[in-house]
Structures are given as C-alpha cells and as structure tokens.
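Report on the structure given below.
Only the coordinates and a few stated rules stand behind these numbers; no lab work does. As the structure is a computational prediction, the values presented were derived from the model and not from experiment. Cβ coordinates were reconstructed from backbone atoms using ideal geometry, including for glycine residues, and neighbour counts include every protein chain displayed.
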Amino acid sequence: MQQASLLLLLLLAGLCALSRAQYDEDPHWWFHYLRSQQSTSYDPYDPYPYEPYPYGVDEDPGYAYGSPLAPEPRDCPQECDCPPNFPTAMYCDNRNLKYLPFVPSRMKYVYFQNNQIAAIQESVFDNATGLLWIALHGNQITSEKVGRKVFSKLRHLERLYLDHNNLTRVPGPLPRSLRELHLEHNQISRVPGNALEGLENLTALYLHHNEIQEVGSTLRGLRSLILLDLSYNHLRRVPDGLPAALEQLYLEHNNVYSMPDSYFRGSPKLLYVRLSHNSLTNNGLASNAFNASSLLELDLSYNQLQKIPPVSTNLENLYLQGNRINEFSISSFCTVVD
Ligand SMILES: *[C@@H]1O[C@H](CO)[C@@H](O)[C@H](O)[C@H]1NC(C)=O
Ligand SMILES: *[C@@H]1O[C@H](CO)[C@@H](O)[C@H](O)[C@H]1NC(C)=O
Ligand SMILES: *[C@@H]1O[C@H](CO)[C@@H](O)[C@H](O)[C@H]1NC(C)=O
Ligand SMILES: *[C@@H]1O[C@H](CO)[C@@H](O)[C@H](O)[C@H]1NC(C)=O
C-alpha cells in the first residue's frame with residue numbers, strides 16, 4: 001500500500017514544473033517532503049499536484065530509493081532523463097524542446113510538458129505501445145500538426161494531458177482505454193460528433209477555457225464520465241444530453257440562456273452543477289429545469305433571474321447572488337422549502 005502510494009506520488013510529481021533550486025539548496029528536502037506527505041491522499045480530480053519531481057535522484061538515487069548508482073540507460077534520448085530506478089518513466093519536460101524525441105518501447109509514463117513542441121509526428125510513439133500516461137501540456141501544438149493515428153494505436157493509454165496548447169479541435173481518434181483527457185486552455189471551437197466515440201472508461205473530461213460554441217449529443221455515450229468541465233467557453237445552449245454517471249457539471253462563464261425541461265433526468269447521480277456567469281432568464285427556463293432530487297449544490301449566481309426557480313428540497317447549497325431576484329420571490333421560495 002505504502003509502495004503503491006509512493007509510486008503514484010512520483011508519477012504525479014512528474015507532471016509539475018521542476019524546481020531544481022530547492023534540491024540544490026537542501027539535498028535532503030525530498031526525504032523531508034516524503035515524510036511530510038505521508039498522510040495526504042490523492043484527489044482524482046486534481047490534475048496538478050504542485051509538488052516538484054525529485055530531480056537529482058539520478059545524481060544520487062540513494063536519497064530517494066536506497067539503491068546504488070546506475071548509469072543512464074542507453075536507449076534514453078539524449079535530451080531526456082530516464083531515472084535508472086524508474087525504468088518505465090522518461091522526463092523531457094521544461095527544456096525548450098521544439099520536437100518530440102522517439103519514445104523507447106519500455107516506457108509507460110512520458111513527460112514532455114512546458115517545452116515549445118509544435119507537432120506530434122506520426123511515428124513518435126510507434127514502439128511505445130504500452131504507454132499509460134502522456135504529458136504534453138504547456139506546448140504550442142496545433143491541430144494541423146497532430147498525426148492522424150498517433151494516439152489510436154496506444155491501446156493502454158489512460159491519461160492524456162494536452163492542455164495549454166494551440167489546438168483548435170478535439171484530437172481523434174482517441175484510444176478507448178482513456179480515463180482522463182485534459183484539453184483545457186486551447187482554442188478549441190469544435191467538438192466533432194465522433195471525436196469522443198467509444199471512450200467507455202473516460203471518467204474526467206476537461207475542456208474549460210476554450211472557444212466551444214456548441215456540443216451536440218456526443219457526450220451521452222460516455223458512460224463512465226463523472227466530471228465534465230466546459231466552463232469558460234462560448235456555449236449558448238447546454239449540451240444535448242448528459243452522460244448517465246455524471247456527478248459534476250461545470251458550465252460557468254458561458255452564454256447559456258435556456259434550460260430544457262427535466263434536463264438532469266438522464267443523470268441521476270448528478271451532485272454539483274455550476275452555471276454562474278451565464279445569461280439565464282426565467283423565460284428561458286423550463287418549469288422543472290432544476291428540480292433534480294440528486295443535486296446537492298447548484299450555482300446560478302450572476303445570471304439574469306428575477307424569480308427563484310423550483311429546486312429539490314434535497315439541495316444543500318443554492319447560489320443566487322448577482323441576479324435580479326425580487327423580494328416577493330424570496331418570501332414565497334422560503335415558504336416552499338421551509
Ligand atoms: C523499435 O522497435 C523495433 C522492434 O522491437 C526495434 O528493432 C527498433 O530498434 C526500435 N526503434 C527504436 C528507435 O528504438
Ligand atoms: C500558440 O498560441 C500562443 C498564444 O496565443 C502564440 O503566442 C503562439 O505563437 C502560438 N503558436 C503556434 C505554433 O501557433
Ligand atoms: C475499461 O476498463 C476496464 C476495467 O478496468 C477494462 O477491463 C477494459 O478493458 C477497459 N476498456 C478499454 C476499452 O480499454
Ligand atoms: C419537483 O419534483 C418532484 C418530483 O420529481 C415533485 O414532486 C415536486 O412537486 C417538484 N417541485 C416543484 C416545485 O415543482
């Protein structure tokens with residue numbers, strides 16, 4: 001158990017910006033850090049645990065792993081670090097790379113974040129078909145320069161980080177094994193109807209801070225999806241149909257002006273809905289739009305509502321500030337929900 005959580009910590013730490021300075025000042029910091037971290041748990045919805053990876057372990061692996069020095073493996077691209085004691089991981093992040101080096105076949109976790117990579121060439125993962133995680137966030141990748149079949153042959157890939165790039169559409173086809181897909185902070189304006197097809201294991205989809213105007217019925221088929229973040233886009237309507245397992249729906253900072261009747265009925269596990277900073281008016285709301293018994297939290301702040309819409313009595317937090325709610329509406333609401 002302890003071993004497993006340490007491994008996960010190392011994997012997650014690899015996603016973060018490196019802080020070599022910290023290591024240089026106090027070579028024991030990693031040890032202190034590990035001890036201080038033992039009680040914290042991993043939050044599956046936190047994409048960036050802001051802890052530095054223990055760079056320097058390849059200079060003296062004894063500190064972190066208690067094993068003897070080993071030479072850098074020969075198949076490691078010279079631009080990258082492949083820690084001898086973690087033979088399935090390759091670190092090529094934060095080093096001004098302009099292209100992706102070829103990935104050796106033994107790799108499962110590869111980190112290319114925060115470089116100036118503009119393209120994902122077709123053959124780069126050809127040998128590494130066992131990849132589980134690919135981190136490519138913080139680069140300059142454009143949709144035109146993503147090889148057509150570059151991801152679909154990675155049949156085990158579980159996490160793909162492509163956020164903070166220059167993508168204009170959702171890349172695809174994507175492997176069906178994906179569990180987490182990070183596409184936030186791009187310039188995506190289109191979600192092609194089949195882009196997310198067959199992703200039966202996808203649990204979290206991050207599309208916030210893009211330029212999406214419309215999402216059709218493509219999300220309904222994502223039967224494991226628990227978290228959907230479409231905040232900070234240009235949506236005028238909510239997506240056509242929500243996944244059945246959805247628990248968290250983030251739509252704040254869009255231009256949504258209407259809600260269909262019983263919109264949440266197809267998602268009986270939905271707990272949190274954020275719709276703040278949209279253009280909702282009472283005229284645009286179907287009478288029972290928000291009356292869903294599973295909801296615990298509903299954020300409708302900063303819209304143009306004049307009356308409080310009907311909600312379920314199970315709701316624990318309802319946010320309404322920044323609207324034009326009149327007094328009469330408040331007193332009648334309070335009698336209804338007691
Ligand atoms: C890719 O895999 C093939 C077959 O295992 C091997 O012969 C080749 O050397 C590998 N290519 C690289 C660049 O590692
Ligand atoms: C990516 O977007 C950034 C910021 O918008 C821009 O400065 C950069 O030139 C773009 N790069 C490419 C390759 O389009
Ligand atoms: C989805 O996850 C299950 C359980 O972990 C696994 O058995 C299955 O192969 C996965 N599906 C795909 C398409 O990878
Ligand atoms: C909300 O829905 C429940 C059952 O789905 C219904 O009994 C109740 O009257 C509805 N509340 C309002 C205010 O319409």
Exercise. Would you work out if the stretch 236-338 is rounded, prolate or oblate? Take a ≥ b ≥ c from the square roots of the eigenvalues of the alpha-carbon gyration tensor; rounded if a/c is under 1.5, else prolate when a/b is larger than b/c, oblate otherwise.
Key: oblate
Quiz item: Given +1 on the Cβ of Lys and Arg, -1 on the Cβ of Asp and Glu, and no further charges, what dipole in debye does the stretch 141-218 carry about its Cα centre, rounded to the nearest 20?
Solution: 420
Quiz item: What are the lysines whose alpha-carbon lies under 16 Å from the alpha-carbon of residue 145, with same-chain residues fewer than 8 places away excluded?
Solution: 98
Exercise. Would you work out which of 140, 164, 110 lies farthest towards the positive end of the dipole of the stretch 103-165? Charges go on Cβ: Lys and Arg +1, Asp and Glu -1.
Key: 110
Quiz item: What does the charge dipole of the stretch 201-257 about its Cα centre add up to, to the nearest 20 debye, if the Cβ of each Lys and Arg holds +1 and the Cβ of each Asp and Glu holds -1?
Solution: 160
Quiz item: Once Lys and Arg get +1 and Asp and Glu get -1 on their Cβ, which of 204, 152, 216 lies farthest toward the positive end of the dipole of the stretch 92-236?
Solution: 152
Practice problem: Could I have the simple spin-label model distance between residue 269 and residue 153, label points 7 Å from Cα toward Cβ, reported in nm to one decimal? | Solution: 3.5
Practice problem: Find how much the distance from residue 296 to residue 324 grows on full extension, using 0.36 nm per residue of separation minus their present alpha carbon separation; answer in nm with one decimal. | Solution: 7.8 nm
